[in-house]
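One structure is given below, encoded as structure tokens.
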Amino acid sequence: MMSELEKLKAGLDYCFDDEQIAEIKNNAIRQCKIYNSIDATDDEALTRHLSQMLGSMGNSIRIEQNFVCDNGRNIHVGDNFFANYNVTILDVTDVNIGDHVMIGPNTIITTVGHPINPRGRRDHMCVTSPVTIGSDVWIGGNVTILPGVTIGSNVVIGAGAVVTSDIPDDSLAVGVPARVIRDIENDL
């Protein structure tokens, strides 16, 4: 029989109040608290702590405070990454972000949800699906990106959008749910 942590790692439904899973989240809470207490002007200390928190990161990374995550080790960002204030990344499973990505304030990226049926919710079950964001992406403020979404490269997501499905390369997407309203020239 699989443990709840083994189920989570296998991409299966799992119970979120399992002790091993709770400890991963508790560690993330502690690490975020430390990160958010570092002097916001001490770039070296912020970068050093992020390098210990995140699964991987490129060069020139900045995440403004108040940053919140569920694990940290499942977040992978490329070079030249910027996330503005109050970004939440619920990285129960992988969040892969390319190079030259900017994320506006109050944005939520989540890889986890709960079952539609009440029995699953009463049993504290979770379902996960990774999120992938390409390179040269600008995500406006107050955006929500739901589990399983892939956002291509050279994409702009307008402020307040809720991204429920994949967004192709070279697109501007807005609204609730987010939909592509026009193509964007790739001038690189």
Between the alpha-carbon centers of the stretch 109-174 and the stretch 61-90, tell me the distance in whole angstrom.
15 Å
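Label the stretch 54-188 by shape, choosing from rounded, prolate and oblate, from the square roots a ≥ b ≥ c of the eigenvalues of the Cα gyration tensor; if a/c is under 1.5 it is rounded, and otherwise prolate applies when a/b is larger than b/c, oblate when it is not. Spell out each step's value before the answer.
Numbers: a/c = 1.89, a/b = 1.30, b/c = 1.46.
Note, shape of the stretch 54-188 comes out oblate.
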Checked against the positive end of the charge dipole of the chain (+1 on Cβ of Lys and Arg, -1 on Cβ of Asp and Glu, about the Cα centre), the farthest of Val156, Gly78, Asn106 is Asn106
Can you work out the Karplus-derived ³J(HN,Hα) for every residue in the stretch 19-35? Use 6.51 cos²θ - 1.76 cosθ + 1.60 with θ = phi - 60°, whole Hz, and x for glycine or proline.
4, 5, 5, 4, 5, 4, 5, 4, 5, 4, 4, 5, 5, 5, 4, 4, 4
Can you list residues from other chains, or at least 5 along the same chain, whose modelled amide H is less than 5 Å from the amide H of Arg179?
Val174
Per residue of the stretch 138-143, what does 6.51 cos²θ - 1.76 cosθ + 1.60 with θ = phi - 60° give for ³J(HN,Hα)? Whole Hz please, x for Gly and Pro, Karplus curve as stated.
10, 10, x, x, 6, 8
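Around Pro115, under 12 Å between beta carbons, what's the net of Lys plus Arg minus Asp minus Glu among the other residues? Don't jump to the answer; show the numbers that get you there.
Values: positive: Arg119, Arg121, Arg122; negative: Asp13, Asp123.
Charge balance in the 12 Å sphere: +1.
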Specify the residue with the greatest mean-square fluctuation among Glu64, Glu44, Glu23, computed from a Gaussian network of the chain linking alpha-carbon atoms under 10 Å apart.
Glu44
Tell me, what % of the accessible area of the stretch 1-59 is carbon and sulfur with a 1.4 angstrom probe?
51 percent
Please work out the Kirkwood hydrodynamic radius for the stretch 18-99, using every pair of different C-alpha atoms, and report it in angstroms with one decimal place.
12.7 Å
Whole-Hz Karplus couplings 3J(HN,Hα) for the stretch 125-133, θ = phi - 60° and coefficients 6.51, -1.76, 1.60, Gly and Pro as x, run 7, 10, 10, 10, 7, x, 10, 10, 10
Using a 1.4 angstrom probe, figure out how much accessible area the chain has per residue, in square angstrom, rounded to the nearest whole.
52 Å²
Which of Ser135, Pro115, Asn96, positive extreme of dipole for the chain (C-beta unit charges)
Pro115
Under the rule of at least 5 residues apart or a separate chain, name every residue whose amide H is placed under 5 Å from the amide H of Asp169.
Gly152, Ser153
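Using the crude model of +1 on Lys and Arg Cβ and -1 on Asp and Glu Cβ, and no other charge, please compute the dipole size for the stretch 1-106 relative to its Cα centre, in debye to 20. Intermediate values should be presented prior to the final figure.
On the way: 8 positive and 17 negative charges, 20 e Å.
Computed about the Cα centre, the dipole is about 100 debye.
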Percent RCO, i.e. relative contact order, over the chain, from Cα pairs under 8 Å lying at least 6 residues apart:
14 percent
Cβ-placed point charges (K, R +1; D, E -1), dipole of the chain about Cα centre in debye, nearest 20:
620 debye
Measure off, as a whole percent, the carbon and sulfur share of the 1.4 Å-probe accessible area of the stretch 62-120, all protein chains present.
54 percent
Given H placed 1.01 Å from N in the peptide plane, which residues other than close sequence neighbours of Tyr14 have an amide H under 5 Å from its amide H?
Cys126
In a Gaussian network model over the chain where Cα atoms closer than 10 Å are linked, find which of Asp18, Asp169, Asp91 has the largest mean-square fluctuation.
Asp18
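The values are calculated or read from the model by the stated rules, or taken from the named source; none is laboratory data. Model, not experiment: these values are computed from the prediction. Note: ideal-geometry Cβ built from the backbone for every residue, glycine included; neighbour counts use all protein chains shown. Surface accessibility is based on the protein's heavy atoms, side chains included, excluding ligands, DNA and RNA. Shrake-Rupley method; radii C 1.70, N 1.55, O 1.52, S 1.80 Å.
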